[in-house]
Amino acid sequence: MKKDLLTLQDITRDDLEKIFELSTKLKKERGNLNFTPLAGKSVGLIFAKSSTRTRVSFEVGVGELGGRPLYLDQSKMQVGRGETVADTAHVLSRYLHGIVIRTFAHSDVCELAKEASIPVINALTDEFHPCQLLADMLTIKEYSGKVDKSIRIAFYGDGRSNMANSLILAAKLSGMELVIAAPEEESPNRELIGDAANIVWEKDPLKAAEGVDYFYTDVWVSMGFEEERARRMEIFRPYQVTSKLFEKAKADAKFLHCLPAHRGEEVAADVMDSSRSIVFDEAENRLHVQKAVMTMLMGNR
């Protein structure tokens, strides 16, 4: 595994299996006070965006691994008033043993990782959300027993969002079949897809649902896109995940969502709150995969 986790391009299939194995072990043995790979270490958690699952899961995770989490509000740091990312990286590398960052521009995270001498984990940018996809794939493995070409997943909504981008990388890494159901004006990044034959864009929501094992969606108006709300509500309306879509899918198809969810917008309430929904298992797994990643990147060997 590379020094940092900025996107899923930073891990191999072998790394992914090791993350699954360790995550499962940590989940089963949660509360084991003898496993403290971050003992004596401090991890900085830099946040420029509001958060529930990401902040809590990382803070709890660092603590359960024996380390000390340090929450840093980016707006109250010097980088928020003009200090360069590089200078910040050099200073924090003298104090901390690892950095977790949730911010807007992915380029800032890349620069931070380049300049820092300690591991950096991307906890979300406008372009990518690797930790979420690791949790998603662990959840799929728990329910399907595998994460490979036999799994078909359909993402509905913004085909250029950080979740769509991360799903593309997850499909390339794992071999899962991915269909992105999105309007033409928000169709997925063709350059990111490249020549991957297992990833397709489908404009027709019903057609995209055929043979699906897992439906996935995300909010239509992400942080930083509030001024586009009216336009997004209109163009994404046909891509709401509803019970009708499940009629085209496999009989045991499940529903995933990175949360928070807006019932009545990207997902119908009767789907979100149904037995098909496994979103809270998915949310819990953020804790376990992040503990595994931090152990692998920052842990005492």
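The values are calculated or read from the model by the stated rules, or taken from the named source; none is laboratory data. Predicted model only: the values in this text are computed from it and were never measured. Because the Cβ atoms are built from the backbone with ideal geometry, glycine has one as well, and the counts that use them run over all protein chains shown.
Out of VAL43, VAL60, report the one residue that is out of contact with any strand residue (DSSP E or B) (no Cβ under 6 Å at 6 or more places or on another chain) and modelled with pLDDT of 95 or more.
Checking each option against the conditions leaves just VAL60.
Need the failing condition index for PHE280 against (1) over 22 Å from the mean Cα position of the chain (by Cα); (2) assigned to a helix (DSSP H, G or I), just the number.
Result: PHE280 fails condition (1) only.
Can you tell me which residues in the range 206-220 are surrounded by 19 or more Cβ atoms within 10 Å (Cβ to Cβ) and over 21 Å from ASP273 (Cα atoms)?
The initial filter retains those residues of the range 206-220 that are surrounded by 19 or more Cβ atoms within 10 Å (Cβ to Cβ), namely 208-209, 212-220.
Result: ALA208, single match.
Please name all residue pairs, on different chains or six or more residues apart, with Cβ atoms under 6 Å, provided the first residue is in the range 70-87 and is within 19 Å of HIS106 (Cβ to Cβ) and in the same structural domain as LEU38 (by TED's automatic domain parsing) and the second residue is among the hydroxyl-bearing types (Ser, Thr, Tyr) and at pLDDT 90 or above.
VAL79/THR88
If ASP108 meets every condition in (1) assigned by TED's automatic domain parsing to the domain that holds VAL79; (2) farther than 20 Å from ALA261 by Cα; (3) in contact (Cβ under 8 Å) with a residue 24 or more places away in the chain apart from one, which number is that one?
Looking at each condition in turn, ASP108 falls short on (3).
Over 26 Å from LEU287 (Cβ atoms) and more than 14 Å from the chain's Cα centre (by Cα): does that describe GLY145? Talk me through it step by step, then tell me what you get.
Numbers: over 26 Å from LEU287 (Cβ atoms): no; more than 14 Å from the chain's Cα centre (by Cα): yes.
The answer is no for GLY145.
Being assigned to a loop (DSSP other than H, G, I, E, B), at pLDDT below 95 and either more than 18 Å from the chain's Cα centre (by Cα) or surrounded by 18 or more Cβ atoms within 10 Å (Cβ to Cβ) (or both): is that true of LEU38 here?
no
Restrict the check to the range 63-73 and report whether at least one residue is touching a strand residue (DSSP E or B) at 6+ places or on another chain (Cβ under 9 Å), among the acidic types (Asp, Glu), part of a strand (DSSP E or B) and closer than 22 Å to ASP126 by Cβ.
yes
Filter the range 81-102 down to the residues that are touching an Asp or Glu at 6+ places or on another chain (Cβ under 9 Å) and either part of a helix (DSSP H, G or I) or surrounded by fewer than 20 Cβ atoms within 10 Å (Cβ to Cβ) (or both) and list them by number.
Selection gives THR84, VAL85, ALA86, ASP87, THR88, ALA89, HIS90, VAL91, SER93.
Out of all the residues in the range 197-237, which are without any contact (Cβ under 8 Å) to a residue 60 or more places away in the chain and among the polar types (S, T, N, Q)?
Of everything in the range 197-237, just one residue is without any contact (Cβ under 8 Å) to a residue 60 or more places away in the chain and among the polar types (S, T, N, Q), namely ASN198.
Which ones in the range 166-191 are within 22 Å of ARG229 (Cα to Cα), in contact with a helix residue (DSSP H, G or I) (Cβ under 8 Å, 6 or more places away or on another chain) and without any contact (Cβ under 8 Å) to a residue 40 or more places away in the chain?
Scanning the range 166-191 gives ILE180, PRO188, ASN189.
Of the residues that sit in the range 134-154 and are in contact (Cβ under 8 Å) with a residue 24 or more places away in the chain and not in a helix (DSSP H, G or I), which one is surrounded by the most Cβ atoms within 10 Å (Cβ to Cβ)?
Per the stated criteria, the residue is ALA154.
If you check every pair at least six apart or on different chains, which have Cβ atoms under 9 Å apart with a residue in the range 19-39 that is of a type in the set (Phe, Trp, Tyr) first and a residue that is in a loop (DSSP other than H, G, I, E, B) second?
Short answer, once both residue conditions are applied: PHE20/VAL147; PHE35/GLU29; PHE35/LEU65; PHE35/GLY66.
Here are some residues: THR54, THR24. Which one is in contact with a helix residue (DSSP H, G or I) (Cβ under 8 Å, 6 or more places away or on another chain), surrounded by fewer than 18 Cβ atoms within 10 Å (Cβ to Cβ) and in a helix (DSSP H, G or I)?
Only one candidate passes the filter, namely THR24.
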